[in-house]
Each structure stands twice: as structure tokens, then as C-alpha cells.
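One structure below.
The values are calculated or read from the model by the stated rules, or taken from the named source; none is laboratory data. From a predicted model like this one, the values you see are computed outputs, not experimental measurements. Here the Cβ positions follow ideal geometry from the backbone for every residue, glycine too, while neighbour counts run over all protein chains shown.
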Amino acid sequence: MPKVTFIIDGETQTVEFEHGEVPYSHHGKPESFLDVAKHFHIPLEHACGGSCACTTCHVIIKEGEQNLSGMEDDEADRLDTAWGLTARSRLGCQAVIKGDVVCELPMYTRNYVQEGGGIQLGKSDRKERKTQEATP
Ligand code: FES
């Protein structure tokens with residue numbers, strides 16, 4: 001049962017899932033970070049529904065890189081446009097989890113503005129949303 005740890009704004013959330021019980025949400029490839037995150041309400045963001053057309057689902061692998069599917073050309077091409085790209089970056093909707101892994105969500109994500117054709121770079125509002133959700 002793969003254990004997936006997400007580091008978000010300095011805090012960790014760990015979930016476990018059973019192979020074969022996914023896809024959970026049809027967001028990204030089955031058993032990808034995005035698919036698993038959506039099921040467990042982890043705030044991994046996406047702007048294209050997991051079709052490798054944005055970089056909003058960018059994650060940085062901290063441990064367990066060997067437990068992920070290999071990177072295909074379309075993911076590599078798309079990742080080239082990600083804010084804060086690292087040698088251990090992956091797209092959360094494309095990287096399929098095969099074993100224990102630890103990833104960090106970058107502080108910023110790059111959202112594509114569909115109508116204007118431009119690119120909007122914004123600080124994640126994950127923490128603010130979490131605070132709002134916690135407020136009665
Ligand atoms: S959700 Fe758009 S590329 Fe992953």
C-alpha cells in the first residue's frame with residue numbers, strides 16, 4: 001500500500017492508498033499524485049483537469065523518485081514552463097505512484113489564463129483557504 005506524503009506550506013500530510021482502487025476522480029492519470037490528492041482532499045491544484053496542459057499541479061519529489069512512472073516527452077515539455085523548476089520536478093497529474101513517495105508543493109504555481117492567452121503567476125492561496133475552511 002503506497003504511502004504518499006505531501007509537504008504543503010511546511011506542513012506534511014500523509015495518505016495511503018491501495019493499488020487498483022483508483023482512479024478516484026478522473027483527474028490526471030490513474031494513481032497519479034493529482035488523482036490521489038483529489039480523493040483525500042489534499043489541495044494540489046490543477047487548471048486543466050489533469051491533461052498535461054498547464055503546470056499548476058507541479059510537485060517537487062523529495063523521496064521515492066524511483067517509485068514513480070517515467071517521464072514522457074509531453075510532461076517534460078510542459079514542465080519546462082513551470083515556475084521554480086527543479087531537477088526533481090514532476091507534474092502531479094502525470095507522475096503515477098508505484099510505491100512510497102514524498103513530494104513538496106511549490107510556493108508558487110503558474111496558472112494559464114485561458115481567455116487572454118497570457119500567464120498568471122500567483123502565490124498559492126492554499127493556506128488562506130485552509131484557514132477560511134477552519135473558521136466556523
Ligand atoms: S493539472 Fe494541468 S498539467 Fe497537471
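Key figures
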quantity	calculated
Selection within region 18-47 - on the phi > 0 side of the Ramachandran plot and in contact with a helix residue (DSSP H, G or I) (Cβ under 9 Å, 6 or more places away or on another chain)	HIS26, GLY28
Matching option when the condition is among the small types (Gly, Ala, Ser) and free of Cβ contacts under 8 Å to residues at least 60 places away in the same chain, among SER32, SER69	SER69
Strands (runs of 3 or more DSSP E) fully within region 12-116 counting 2 or more residues that are within 15 Å of the ligand (Cβ to nearest atom)	58-63, 89-91, 108-112
Those residues of region 22-43 which are of a type in the set (S, T, N, Q) and at pLDDT 90 or above, in sequence order	SER32
Residue that is farthest from ARG90 (Cα to Cα) [pool: residues in region 1-11 that are outside any loop (DSSP other than H, G, I, E, B) and touching a residue at least 40 places away in the same chain (Cβ under 8 Å)]	LYS3
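Residue by residue, here is whether (1) crowded, with 17+ Cβ neighbours inside 10 Å; (2) of a type in the set (Phe, Trp, Tyr); (3) over 20 Å from TYR108 (Cβ atoms) holds:
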site: LEU34; (1), (2), (3): yes, no, no
site: HIS39; (1), (2), (3): no, no, yes
site: CYS57; (1), (2), (3): yes, no, no
site: GLU65; (1), (2), (3): no, no, yes
site: ASP74; (1), (2), (3): no, no, yes
site: THR86; (1), (2), (3): no, no, no
